[in-house]
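Colleague: I have a structure I would like to understand better, so I am pasting it below and will then ask my questions one at a time.
None of the figures in this text is laboratory data; all of them are computed from the coordinates on show. Note that the structure is a prediction, hence the values are computed from the model and not measured. Methodologically, a virtual Cβ is constructed for each residue, glycine included, from the backbone with ideal geometry; neighbour enumeration extends over all protein chains shown.
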Amino acid sequence: MEAKTEIVRIDINDETLIEAAKILGTKSAAETVLAALREVVDMQRRVEAFDNLAKMAAEGDFDVLLDKRNYRP
């Protein structure tokens, strides 16, 4: 599924844009903004995955791994 692209005019602090481009390894303003947006989405997905793992651990889903005899021959 291809996402719709929208042209938007925004004011961005040049120093912040340059610093973000260095961190993200991007070459243009548009590429930097898109990479930053992707990073925010990916970060949220990682947080949700971590929260899910923490919930599973609290519910005892990994307790079987506490005894090495359960996963080593």
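Colleague: Beta carbons within 10 angstrom, averaged per residue: use that to sort the peptides 30-40, 57-67, highest first.
Modeller: Peptide ranking by packing, descending: 30-40, 57-67.
Colleague: Mind giving me the FRET efficiency for residue 24 and residue 54? R0 is 35 Å, r the Cβ-Cβ distance, nearest 0.05 is fine.
Modeller: After rounding to 0.05, the efficiency reads 0.75.
Colleague: Quick one: Karplus J couplings for the range 19-35, per residue in order, coefficients 6.51, -1.76, 1.60, θ = phi - 60°, nearest Hz, x for Gly and Pro?
Modeller: Once θ is set to phi - 60°, the couplings for the range 19-35 become 5, 5, 4, 4, 5, 7, x, 9, 10, 10, 4, 4, 4, 5, 5, 5, 5 Hz.
Colleague: Lys and Arg at +1, Asp and Glu at -1: add these up for the other residues within a Cβ distance under 14 Å of residue 12 and post the number.
Modeller: -4
Colleague: Let me ask another. Can you spot the lysines whose alpha carbon is less than 29 Å from residue 27's alpha carbon? Ignore those fewer than 8 places along the same chain.
Modeller: 4
Colleague: Rg over Rh of the chain, using C-alpha atoms and the Kirkwood radius, what does it come to?
Modeller: 1.28
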